[in-house]
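Some notes on the structure that comes next.
The values are calculated or read from the model by the stated rules, or taken from the named source; none is laboratory data. All of these numbers come straight from a predicted model, not from anything done at the bench. Cβ placement follows ideal geometry from the backbone for every residue including glycine, while neighbour counts extend to all protein chains displayed.
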């Protein structure tokens, strides 16, 4: 009887340790950005999101996000612009700064959804950010959606002033599975 009881307790504990652990569908994840340029808004994307997501709306204290994306996957639809953004020190210089990362410090309930509070590292500069997001479950999976802004000069992107907008808007759409 005791062996069976210990076995059942072990199985319950093992099952609970996976509650809230999500696998990102990287092929369908969307990381997009927009910024005002001299001739209108510039839109672009990054691909290949990698993330470790622990999320349980009943255990926000135990929830966390650690994510990275290859800066070299930037795409704006214009190859010459992409090359410029990847190679110039004033922009991303992806050889020197190949990864953009986010590490949450905590996740909290927000007015409409949640917010991940943590550090964004871009071009070797780490700054605190808050990412408001929602989670929509769907069977054994779901989707995280969020949007936040950063000041480009905080991350040494572009020249001070100039014809580029000061704020970059980042939009996330991240499908996940258990």
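Return the residues of region 8-27 that are modelled with pLDDT of 90 or more and within 18 Å of residue 65 (Cβ to Cβ); say none if nothing qualifies.
Of everything in region 8-27, those that are modelled with pLDDT of 90 or more and within 18 Å of residue 65 (Cβ to Cβ) turn out to be 21, 22, 23, 24, 25, 26.
Evaluate region 62-81: report whether one residue or more is exposed (fewer than 15 other Cβ atoms within 10 Å of the Cβ), in a strand (DSSP E or B), at pLDDT below 95 and out of contact with any helix residue (DSSP H, G or I) (no Cβ under 9 Å at 6 or more places or on another chain).
No, there is no match, as no residue in region 62-81 is exposed (fewer than 15 other Cβ atoms within 10 Å of the Cβ), in a strand (DSSP E or B), at pLDDT below 95 and out of contact with any helix residue (DSSP H, G or I) (no Cβ under 9 Å at 6 or more places or on another chain).
Is there a residue being at pLDDT 95 or above, under 19 Å from residue 152 (Cα atoms), in contact with a strand residue (DSSP E or B) (Cβ under 6 Å, 6 or more places away or on another chain) and in a loop (DSSP other than H, G, I, E, B) anywhere in region 84-95?
no
Residues being in contact with a helix residue (DSSP H, G or I) (Cβ under 8 Å, 6 or more places away or on another chain), under 18 Å from residue 122 (Cα atoms) and either in contact (Cβ under 8 Å) with a residue 60 or more places away in the chain or not in a loop (DSSP other than H, G, I, E, B) (or both): count how many of those fall in region 46-61.
Residues meeting the conditions: 1.
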